[in-house]
1. The range A:11-67 to the range A:197-215: how many Å between their Cα centroids?
2. Give me the accessible area buried between chains A and B, both sides summed, with a 1.4 Å probe, in Å² rounded to the nearest 100.
3. Once every DSSP H run of n ≥ 4 in chain B is given -39500 (n - 2.57) and the sum is divided by its residues, what mean residue ellipticity at 222 nm do you get, rounded to the nearest 500 deg cm²/dmol?
4. Averaged over its residues, how many other protein chain Cβ atoms are within 10 Å of peptide B:145-155's Cβ atoms?
5. Based on Cβ point charges of +1 for Lys and Arg and -1 for Asp and Glu, what charge dipole magnitude is obtained for chain A about its Cα centre, in debye rounded to the nearest 20?
6. Averaged over peptide B:37-49, how many Cβ atoms belonging to another chain are found within 10 Å of each residue's Cβ?
7. In degrees between 0 and 90, to the nearest 10, how far off the longest principal axis of chain B does helix B:97-107 point, with axes built from Cα atoms?
8. Please name which of A:Phe10, A:Leu85, B:Leu138 has its Cα lying farthest along the dipole of the protein assembly as shown towards the positive end, using unit charges on Cβ (Lys, Arg +1; Asp, Glu -1) and the Cα centre as origin.
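The values are calculated or read from the model by the stated rules, or taken from the named source; none is laboratory data. Quantities reported herein were computed from a predicted structural model and do not represent experimental measurements. Positions of Cβ are backbone-derived with ideal geometry, glycine not excepted, and every protein chain shown enters the neighbour counts. Remember, those area values only see protein heavy atoms, side chains included, never the ligands or the DNA or RNA. Shrake-Rupley method; radii C 1.70, N 1.55, O 1.52, S 1.80 Å.
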Number of protein chains: 2
Amino acid sequence: MAHSAPIGVFDSGVGGLTVVRAIRAALPEESIIYLGDTARVPYGNRGEATVRRYSLNATQLLIDRGVKAIVVACNTATAYALPALQRRWSVPVLGVVAPVAAAAAERSQTGHIGVIGTRGTISSGCYPEALGALNPALRSVQIACPLFVPLAEEGWLDGAIPEQVAQVYLEPLVKTQVDTLILGCTHYPLLRPAIAHVLDRMMPRKVALLDSAQATTSALVALLDREGLRAPSGSSGVLTTLVTDDPKGFAPLSSRFAGEYIGQAEHVDIHDKEWSDELL
Amino acid sequence: MAHSAPIGVFDSGVGGLTVVRAIRAALPEESIIYLGDTARVPYGNRGEATVRRYSLNATQLLIDRGVKAIVVACNTATAYALPALQRRWSVPVLGVVAPVAAAAAERSQTGHIGVIGTRGTISSGCYPEALGALNPALRSVQIACPLFVPLAEEGWLDGAIPEQVAQVYLEPLVKTQVDTLILGCTHYPLLRPAIAHVLDRMMPRKVALLDSAQATTSALVALLDREGLRAPSGSSGVLTTLVTDDPKGFAPLSSRFAGEYIGQAEHVDIHDKEWSDELL
């Protein structure tokens, strides 16, 4: 694989652009093809087989574009599909769960780690599993927060409504020893101020908020170095965005998530392939 | 078409069951096949071509099951796809927009009618168009309320949070002469008490809330009579539910929307067909 090839990143929608933002800051010489599967967003409430099929389809499209590595920038897709993607293709595929779990395990003093995410991510148990593999003594407290994604997509990021929603969801943390909270969904960094505000008011101790973007970027840098896949230094990386639904309306929201101006995305069609039962 | 064949009803998810509830009450002798396209829910934020493709796929599946008539129990699918479905098949296809628009036109004293719906339904302009066709003097005020669907799906139907969300969305109605509000999304009837409460507090005059269920059912009865398609009297209608995502978890939510106990839905796969450009 040519080291000048782009890195493929996919998510159900715009959320994964929070990961792209961190990758672009750390690796400005790398080109990125970002695929938002906006015709099927959100993945977070869907069943395991459906998310796995959608993730196989999305990865196939990126592979067909000649990417040298793939980042699954969606917690639910990572939770349900990462092993299947790694089995199916020889291109390295990185998820967003393991890196932030490792960062949280290192950060926590109490050994009690909170995890918030979509219904799918939480019910998959991927975070307790990842944390347990790092250190069986770690305790995790999981909460599904299905309204956070629509709030972030609607742009209602601060003020009374997001804080009250956060208050309802995060209430069960009060009686715990949690000192570190994993934002286990790539949409949640946009709600970080509201979540932090509620936790400050509610929790007896300071709670550190960790999201996937930074930890996944560090893991990606290590992976590219290990495999000798870094782009030539001095090159200037280009970000290409693809979406499966109408690109109209994606631009303003995507620029907010990516932290840089993103023009009109390219529309691509994904037609469901038949995948072997072994992968599904 | 045998008059003992079932009626097909589809929606992106569970919302259309609020329409099924009204149909079952009025036509207990009719069997219904309900399809919730839960692997692709929600339709409300998606682009026109995507919603049309999904609606063609869903209708094809119901046609293959031998239905005698189809109700598109989703405002966004009606807005974007109804003419294409009616062109493609000879089985009668009924949408949810025209019936409730007619009921609102008849009900309003001021001639100012509010419409709330998903982003897709509102930006399609289907309600202003339907109302204008009934009476060009009618004035409509449209508001997209994207958070109402996730609130209804999460089951947060009353209390401070849904009322504050409703307050933000409905605020622009205060300065209008609106006396009738169309709930232009099949999820919204679940939020009716919260919406009514906010309007009572906020509006100078009483606002009547109309949803699609009753008006569409009346239109369906008229259609079946006109076409001679009524089930034999004395028969007992059966409700069959199909979903495209994992049926697990559909049952409790679906029973709440349908107002009757619904057991495990049957899982069906929809594979995207290639549709002619003329239909898309």
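1. 26 Å
2. Working: alone 11730 and 11720 Å², together 21030 Å².
Chains A and B together bury approximately 2400 Å².
3. On the way: 11 runs with 121 residues, N = 280.
Helix contribution divided over all residues of chain B: -13000 deg cm²/dmol.
4. Values: counts 1, 6, 8, 1, 1, 10, 4, 0, 4, 8, 1.
Per residue, the average neighbour count from other chains is 4.
5. Numbers: 23 positive and 27 negative charges, 114 e Å.
Once rounded to the nearest 20, the dipole reads 540 debye.
6. Working: counts 0, 4, 9, 6, 4, 4, 0, 0, 9, 7, 11, 3, 5.
The mean count of partner-chain Cβ atoms within 10 Å per residue comes to 5.
7. That helix lies at roughly 40 degrees to the long axis.
8. Working it through, the farthest residue towards the positive pole turns out to be B:Leu138.
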